[in-house]
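Comments concern the structure below.
The values are calculated or read from the model by the stated rules, or taken from the named source; none is laboratory data. Computed from a predicted model, the values in this text were never measured in an experiment. Ideal geometry is used to build each Cβ from the backbone, glycine not excepted, and the neighbour counts take in all protein chains shown.
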Amino acid sequence: MTLAVSRRWLVLRLEAPLLSFGAVAIDQRGVIWDFPALSMLTGLFANALGWERTDRAEHQALQDRIVFAARRDDEPYHGVFTDVQNARLEKSDRGWTTRGGPEGRDGNSYGGPHRRFRDYHPDALVAVVVTLPGPDSRAPSLLDLAAALDRPQRPLFIGRKSCLPAARLNAGFREAETAHAALTLVPSLGRPIRSHYRAQWPAGEGPNNGDMVERGRAIADRRNWISGLHGGTRHVIEGRVAPAKAAQGVPE
């Protein structure tokens, strides 16, 4: 008989006027998922650590280590907001980046307006628990990620650059055996108006069936950071989780 081992989980508070959990894009339509993607969290941590896009091996190694689960603590009634973007782009156009410097375009000019559709979650709040299996001495550690979120090397955003956090992302630590169990130890980060919240956890990191389980699915949220393309699926379970009562929350 193998005894389960308790692990440390970093709690993230993803809250902003606009959140973007990018799904598989279809032509000019940027659709979203209800929960963060593995590649998005990898990019968020990498940005906080100050990594460059050319640090492909470091991105890949971090993504391969991340185990996480997410819970929607606040879901506004107005649903998904779709932004329609129209722009006439010239080859000489330049734009500002989060690094404070201009960035040019390599493509050709467009004869007509360039139209795109981008979906967002308005006024949402999502709790995430993250752990990094493996030796604690392996860099970056969970403590490194927490410290980077508090003192990021660059401005942080949740999905797209327009999605600036409305609160501190680092919400402390919990100790639990599985991702699902870690979520149940986190009190509601928003208004405690429901007894259960929609949640998603990796297959094998919580129950696969039962009254609180709705479905299992495969999602294509893995990125091949070496080639720069998305590829590979991850099996997850979606259902509902009861958060801890605030008075019973586990201290940081």
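The figures follow:
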item	result
Wholly enclosed strands (runs of 3 or more DSSP E) of the stretch 44-127 bearing at least 3 residues modelled with pLDDT under 80	81-87, 94-96, 102-104
Residue, nearest to the chain's Cα centre (by Cα), within the stretch 14-67, restricted to residues that are among the charged types (D, E, K, R), over 15 Å from ALA139 (Cβ atoms) and surrounded by fewer than 20 Cβ atoms within 10 Å (Cβ to Cβ)	ASP34
Unique match (being among the charged types (D, E, K, R), closer than 22 Å to ALA16 by Cα and not in a loop (DSSP other than H, G, I, E, B)) among ARG215, ARG198, ARG168	ARG198
Extreme residue, surrounded by the most Cβ atoms within 10 Å (Cβ to Cβ), among residues of the stretch 134-145 that are within 20 Å of VAL186 (Cα to Cα) and touching a residue at least 60 places away in the same chain (Cβ under 8 Å)	LEU145
Selection from the stretch 167-203 of residues that are under 17 Å from VAL213 (Cβ atoms) and without any contact (Cβ under 8 Å) to a residue 40 or more places away in the chain	ALA181, ALA203
Of the criteria (1) assigned to a loop (DSSP other than H, G, I, E, B); (2) touching a His at 6+ places or on another chain (Cβ under 7 Å), which one PRO140 fails	(2)
Which numbered condition ALA244 misses (of (1) modelled with pLDDT under 95; (2) within 30 Å of ASN47 (Cα to Cα))	(2)
Residue in the stretch 213-222 that is modelled with pLDDT under 95 and on the phi > 0 side of the Ramachandran plot present	no
Evaluation of GLU177 against (1) at pLDDT below 95; (2) on the phi < 0 side of the Ramachandran plot (one fails), failing number	(1)
Subset of the stretch 146-198 [under 21 Å from TRP51 (Cα atoms), crowded, with 16+ Cβ neighbours inside 10 Å and aliphatic (A, V, I, L, M)]	ALA146, ALA148, LEU149, LEU156, ILE158, LEU169
Which listed residue, of GLY239, GLY190, GLY210, is small (Gly, Ala, Ser) and under 24 Å from VAL24 (Cβ atoms)	GLY239
Close pairs from the stretch 55-79: first farther than 12 Å from SER39 by Cβ, partner at pLDDT 95 or above and of a type in the set (S, T, N, Q), Cβ under 6 Å, at least 6 apart	VAL67/THR131; ALA70/GLN200
Test: residue in the stretch 132-139 that is touching a Lys or Arg at 6+ places or on another chain (Cβ under 8 Å) and under 17 Å from ARG13 (Cα atoms)	no
Candidates SER162, SER227, filtered to the one that is small (Gly, Ala, Ser), modelled with pLDDT under 95, more than 18 Å from the chain's Cα centre (by Cα) and not in a strand (DSSP E or B)	SER227
ARG8 basic (Lys, Arg), over 21 Å from PHE173 (Cβ atoms), surrounded by fewer than 20 Cβ atoms within 10 Å (Cβ to Cβ) and modelled with pLDDT of 85 or more	no
Top-ranked residue in the stretch 143-154 [being part of a loop (DSSP other than H, G, I, E, B) and out of contact with any Gly (no Cβ under 7 Å at 6 or more places or on another chain); ranked as farthest from HIS59 (Cα to Cα)]	ARG151
Failed item, numbered, when SER141 is tested on (1) touching a strand residue (DSSP E or B) at 6+ places or on another chain (Cβ under 8 Å); (2) farther than 18 Å from ARG72 by Cα; (3) polar (S, T, N, Q)	(1)
Enumeration of residues in the stretch 199-212 that are within 21 Å of the chain's Cα centre (by Cα) and loosely packed, with under 15 Cβ neighbours inside 10 Å	ALA203, GLY204
